[in-house]
1. With a/c under 1.5 counting as rounded, go ahead and sort the stretch 4-286 into rounded, prolate or oblate using the C-alpha gyration tensor (a ≥ b ≥ c being the square roots of the eigenvalues; past the cut-off, prolate if a/b is larger than b/c, else oblate).
2. With +1 on the Cβ of every Lys and Arg and -1 on the Cβ of every Asp and Glu, and nothing else charged, how large is the dipole of the stretch 340-381 about its Cα centre, in debye rounded to the nearest 20?
3. Nearest 500 deg cm²/dmol is fine: what mean residue ellipticity at 222 nm does the chain get from its DSSP H runs of n ≥ 4 alone, each adding -39,500 (n - 2.57), divided by its residue count?
4. Positive end of the dipole of the stretch 4-286, charges at C-beta (+1 Lys, Arg; -1 Asp, Glu), about the Cα centre: which of Thr223, Tyr181, Gly89 has its Cα farthest in that direction?
5. Roughly how big is the chain's charge dipole about its Cα centre, with Cβ charges of +1 (Lys, Arg) and -1 (Asp, Glu), in debye to the nearest 20?
6. Considering the chain as a Gaussian network with a 10 Å cut-off on Cα pairs, which listed residue, Ala362, Ala216, Ala135, attains the greatest mean-square fluctuation?
7. Quick one: order Val329, Val190, Val243 by neighbouring beta-carbon count within 10 Å, fewest to most.
8. Please identify the GluC sites (Glu not before Pro) of the stretch 162-244 that satisfy two criteria: DSSP loop assignment and at most 15 other Cβ atoms within 10 Å. Which are they?
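Values quoted throughout were computed directly from the atomic coordinates according to the rules given, and no laboratory measurement underlies them. Bear in mind that the values here come from a model prediction, so they are computed numbers and not experimental data. Backbone-built Cβ (ideal geometry, glycine too); neighbour counts: all protein chains shown.
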Amino acid sequence: MSRQTEEIPLMSPAPGTSRSLIVHRYGAPGTGPKAYIHAALHADEWPSVLTVQKLIPMLDEASERGEILGEIVVLPYANPTGLAQRMGGHVTGRYDYDGSGNFNRNWPDLSQAAAEKLGGSLPEDKTEAVRTVRAALREAAAELPRRTRNQEWRAILLGLSIDADFVLDLHCDSEATLHTYTNVRHKDMVEVLGAELGSPVNLLEVEAGGGAFDEANAKPWWTIGDYLEGGADLPAACFGVTVELRGQADVLEEYAAADAEALYRFLQRQKVIAGDPGPVPTLSNPVSMLDAVDLVRVPRSGIVGYHRDVGDRVAKGEIVATLYDPAAVDPVGARLDLFAGTDGIMFSRFSDKLVEPGDNIAKIAGTESLSYRQAGALLED
Ligand SMILES: [Zn+2]
């Protein structure tokens, strides 16, 4: 069966302006595992847009060969509102101008609403229980409020993703190596995905907090038990993962092609697509807990000069950057060295070198939990 493509109109933000989402569908619901993939939920992060453009023809060919074993839903861009946020030649794309904040925070938790649809109990058969919960989650997503543009957009995306086995939310960081974020319950799965992508850093959270899109899809599987008898025995049936496809400037043909091939092999490995992906590559580094990620912050404004590159291994106490104060009367005396707070891989830097107090200018993935990192507040805005 060939690809089905639908254009979903969104509420018009202003007279004379229309917006829509494009949704490509492969396979058929209920025939096998479902994967949901979208690009650029943060609309200023474009590597994934190119990656998905590479992936679509691969999926088209697989579909023509009859190799889609389950269902695949692909959105080549997730956030047309953000894509249109061009100001002075720069697309901001991360926060909605309507005041609702970061596009990837505060996604609704559907577990209670889904539990209420199930009348307080679940079928004893595990497969049937998962199927029943998926249907309830779909119903709950369909009933999300759609009074505002932002609400409507969230309801549509969650409606497309909430019943998936795999939700791949493709992002990028400022300047970065490949890295991923997922829940600790999905350690085994992210080790496979990270190895496939060649991702040197893969971060696990117990409770990230913040309501990111991946969490909104994955978390109901372990929180629905708070509202439903037998719910605590459900498997974590949705692998929700945020994949950071390097830095914002890394929109490159060779990266996009390699990443699309890695995602394709991952889908083969999960039996969403037929075919032999070959042996799982070796993961280059052990996964890290998110509370072991050191955030190097600046205490005041200035210009940052980096001494280390993304992907470098650094040692605790090592100088990774220096903050310069152009307003200082004594410019040399005002220099402030910034240190690594842990041994690990410096996987992210700040592309804007003009910083203000509190900015996080580097992330270092270590192996030991850091006392200042708190479960439930592990994501920056
Ligand atoms: Zn992002």
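1. Values: a/c = 1.42, a/b = 1.08, b/c = 1.32.
In terms of gyration-tensor shape, rounded.
2. Numbers: 4 positive and 7 negative charges, 24 e Å.
It comes to approximately 120 debye.
3. Working: 9 runs with 97 residues, N = 381.
Value at 222 nm, helices only: -7500 deg cm²/dmol.
4. Checked the options; the winner is Gly89.
5. On the way: 35 positive and 56 negative charges, 97 e Å.
Charge dipole of the chain: 460 debye, to the nearest 20.
6. Result: Ala135 has the largest fluctuation of those listed.
7. On the way: Val329 7, Val190 24, Val243 28.
Least to most surrounded, the residues fall as Val329, Val190, Val243.
8. Values: sites: Glu175, Glu191, Glu196, Glu205, Glu207, Glu215, Glu229, Glu244; in loops: Glu207, Glu229.
Answer by residue number: Glu229.
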